[in-house]
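Novice: Structure incoming, see below.
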Protein chains: 2
Amino acid sequence: MKIKGIGGEFGLIERIKKNVRLFSKDVILGIGDDSAVLKYGKKYLLLKTDMLVQDVHFSLKHSTPEQIGARAIEQNVSDIASMGGLPKYALVSLALPKNTEVDFVDRLYRGINKKSGKYKISVVGGDLSQSSKVVVGIFLAGFVENKYLALRSGARISDLVFCSGDAGKSAVGLELLKNNKKGKSIKKHLEPCARLDLARKLAKIGINSMIDISDGIASEIGHICHESKVGAVIYADKIPMSKNTINDAKKLNKNPLDFALYGGEDFELVFTADKSKLKQLKKYDVKVIGKIVDKKYGIKLVKNNKEFRLKSGFDHFK
Amino acid sequence: MKIKGIGGEFGLIERIKKNVRLFSKDVILGIGDDSAVLKYGKKYLLLKTDMLVQDVHFSLKHSTPEQIGARAIEQNVSDIASMGGLPKYALVSLALPKNTEVDFVDRLYRGINKKSGKYKISVVGGDLSQSSKVVVGIFLAGFVENKYLALRSGARISDLVFCSGDAGKSAVGLELLKNNKKGKSIKKHLEPCARLDLARKLAKIGINSMIDISDGIASEIGHICHESKVGAVIYADKIPMSKNTINDAKKLNKNPLDFALYGGEDFELVFTADKSKLKQLKKYDVKVIGKIVDKKYGIKLVKNNKEFRLKSGFDHFK
């Protein structure tokens, strides 16, 4: 049977999760969130890895080496951020074609070092090997104070659902590239930014659950609901989108909402918090997009006063 | 300029090392040993990553999925072992062709889980993505008590140089496979084992430097000498090799010593210790193969009473 036959990427993750064994009581959270959470002293150790593969996550035709290196760091930082934590150490695993130019590696590392500097991450190791395509694997270790830890599983019924910044920009940018069209969203796709500062502020205010947008709002809401055993109602007209995203979607004759819901890699944050936090949260770059309800109601999208079942987002194996 | 123009893999690592910045006083050791060493509480945190790439590190023609998964863990454990530490947590980064069978992933994880169980490593996360070739990246976090930390840089003049087990077996096995020949070394290549138990015992006895054999004894001695700023004399006739290795090398009309010196992935240990430890060390599966001398003498191989300069081992980009 192919991977898509067991529900694609997420079906496979569930299958893997069932078969791995944990040998330590220090594992607070293993497979199933943006980062692993391990008890160690007064803080939690967070471990995260994400790999970028040439012609899957990036194309050498569209991305500069600097952009690839920068994105590899941003993407992993985003997953430490969404736990409420701060990244501290990175390992870089590079697989490169044998005839790679030193200049390419220099420029890739310029991107890695620029972003590591921005986030005060020390690059402390890595691995070099050969391959037919460029692969950049980043391993990030970070820390979070126990009280600031934000999980996918903490959403409670009647929580408000929030989205940071604006959604859909990276996905519409990618679609422009694929269609040889121009637009401001392209830069958003090639140079995404994690919301580390914002995530830390949210964690300190006290939110109930958080995740970063890797595969689209629909998929992320699905993860929060699955892990928290709740349902959700999302209001289509509340989902924040920039004018550029809307304009660029028009160029493609597509509904911008589809990019926000089902396109990924925005690295914005989706989170839930008690209503009592609304006043404090309003000071930041976040918008209410829905609410958490009982699991029996499922996950609904309200659009033009009609209710729809919210489908999930991008999947590598579907 | 191509990577081989700046000295290949190790030239590139030196170049990368010069350009990364460290932002934390907790970094005891960044790029330049088998694992990164980070101060954290009463122990050191060790971080390690190593990637296996299809048709570079393994062939689906020769290795079963179980063997690939098992080897990915063993290879990374070996690098935690050679620091004197114990592995604790693993993340698994998998890139797979879109049409991969679920059975392949199940079997790959059977290998990963078997070895994780053997070493009591909790698999706490990972990443799944698509690619044209199978890539297995392992990120391992482990710990070592401060007093047991073993570095490449600790060798002292007049130290004895030791090698564990027997060398060359994996490299000769690979060469048999490439030449469609049979022999017991093939299993050694497909199913290498880290020497974690032994490494811990050595660390507790008190050795001065240690490294695992990834690229051949010559290369590993080179790393120890470089990092410790010393020279070494290695005696060819003292290098331990099994009868199988010698027999299998004969089938290839090659000198078995070349496999031990310049072939890698044995995951045996090369280490140095003060002469006073010799009696204690003799109880274990280790042999004296040489001694550490002043840097000015360089790194020499003594063979048939003649001295040769020791060349380095395998390089991905040469």
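The values are calculated or read from the model by the stated rules, or taken from the named source; none is laboratory data. Since we're looking at a predicted model, the values are computed, not measured. Heads up, the Cβs are rebuilt from the backbone with ideal geometry, glycines too, and the neighbour counts pull from every protein chain shown.
Novice: Which one of these does A:ASP55 not meet: (1) out of contact with any helix residue (DSSP H, G or I) (no Cβ under 9 Å at 6 or more places or on another chain); (2) under 18 Å from A:HIS223 (Cβ atoms)?
Specialist: (2)
Novice: From (1) crowded, with 23+ Cβ neighbours inside 10 Å; (2) of a type in the set (A, V, I, L, M, F, W, C); (3) in contact with a strand residue (DSSP E or B) (Cβ under 9 Å, 6 or more places away or on another chain), pick out the condition that doesn't hold for A:LEU86.
Specialist: Checking A:LEU86 against (1) crowded, with 23+ Cβ neighbours inside 10 Å; (2) of a type in the set (A, V, I, L, M, F, W, C); (3) in contact with a strand residue (DSSP E or B) (Cβ under 9 Å, 6 or more places away or on another chain), the one that fails is (1).
Novice: Starting from segment A:87-102, keep only residues that are at the interface with another protein chain (Cβ under 7 Å from one of its Cβ atoms), then list their pairs with residues that are of a type in the set (Ser, Thr, Tyr) whose Cβ atoms are within a distance under 6 Å, requiring at least 6 positions of separation or different chains.
Specialist: A:TYR89/A:SER122; A:LEU91/B:THR49; A:SER93/B:THR49; A:ALA95/A:SER129; A:ALA95/A:SER131
Novice: Give segment A:171-185 a look and list any residue that's touching a residue at least 40 places away in the same chain (Cβ under 8 Å) and surrounded by fewer than 24 Cβ atoms within 10 Å (Cβ to Cβ), or say none.
Specialist: So the first thing to find is which residues in segment A:171-185 are touching a residue at least 40 places away in the same chain (Cβ under 8 Å), and the list is A:171-177, A:179, A:181, A:183-185.
Residues satisfying the conditions are A:LEU174, A:GLU175, A:LEU176, A:LEU177, A:ASN179, A:LYS181, A:GLY183, A:LYS184.
Novice: Sticking with this one: Residues of segment B:137-170 being surrounded by fewer than 22 Cβ atoms within 10 Å (Cβ to Cβ) and among the charged types (D, E, K, R), which ones?
Specialist: The answer is B:GLU145, B:LYS147, B:ARG156, B:ASP166.
Novice: Right, here's the next one. For B:SER24, which of the numbered conditions (1) facing chain A (nearest Cβ under 7 Å); (2) more than 18 Å from the chain's Cα centre (by Cα); (3) surrounded by 16 or more Cβ atoms within 10 Å (Cβ to Cβ); (4) modelled with pLDDT under 95 fails to hold?
Specialist: Against the list (1) facing chain A (nearest Cβ under 7 Å); (2) more than 18 Å from the chain's Cα centre (by Cα); (3) surrounded by 16 or more Cβ atoms within 10 Å (Cβ to Cβ); (4) modelled with pLDDT under 95, B:SER24 comes up short only on (3).
Novice: Output the number of residues of segment A:141-161 satisfying the condition of being touching a Ser or Thr at 6+ places or on another chain (Cβ under 7 Å) and of a type in the set (A, V, I, L, M, F, W, C).
Specialist: Number satisfying all stated conditions: 5.
To keep it simple, each residue is scored yes or no on (1) crowded, with 22+ Cβ neighbours inside 10 Å; (2) within 21 Å of the chain's Cα centre (by Cα); (3) part of a helix (DSSP H, G or I).
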{"residue": "B:ILE31", "(1), (2), (3)": "no, yes, no"}
{"residue": "B:ASP34", "(1), (2), (3)": "yes, yes, no"}
{"residue": "B:ASP79", "(1), (2), (3)": "yes, yes, yes"}
{"residue": "B:VAL92", "(1), (2), (3)": "yes, yes, no"}
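Novice: In this structure, does A:GLY126 turn out to be without any contact (Cβ under 8 Å) to a residue 40 or more places away in the chain, buried (at least 21 other Cβ atoms within 10 Å of the Cβ), in contact with a Phe, Trp or Tyr (Cβ under 9 Å, 6 or more places away or on another chain) and within 10 Å of another protein chain (Cβ to nearest Cβ)? Steps first, answer last, please.
Specialist: Working: without any contact (Cβ under 8 Å) to a residue 40 or more places away in the chain: yes; buried (at least 21 other Cβ atoms within 10 Å of the Cβ): yes; in contact with a Phe, Trp or Tyr (Cβ under 9 Å, 6 or more places away or on another chain): yes; within 10 Å of another protein chain (Cβ to nearest Cβ): yes.
Yes, satisfied.
Novice: Something else now. Which condition number does B:ARG15 fail, the rest of (1) facing chain A (nearest Cβ under 7 Å); (2) assigned to a helix (DSSP H, G or I) being met?
Specialist: (1)
Novice: Further question on the same structure: Does B:ASP34 satisfy the condition of being within 8 Å of chain A (Cβ to nearest Cβ) and of a type in the set (Asp, Glu)?
Specialist: On the way: within 8 Å of chain A (Cβ to nearest Cβ): no; of a type in the set (Asp, Glu): yes.
The answer is no for B:ASP34.
Novice: Conditions: (1) touching a His at 6+ places or on another chain (Cβ under 8 Å); (2) crowded, with 24+ Cβ neighbours inside 10 Å. A:LEU96 meets all but one. Number of the miss?
Specialist: (1)
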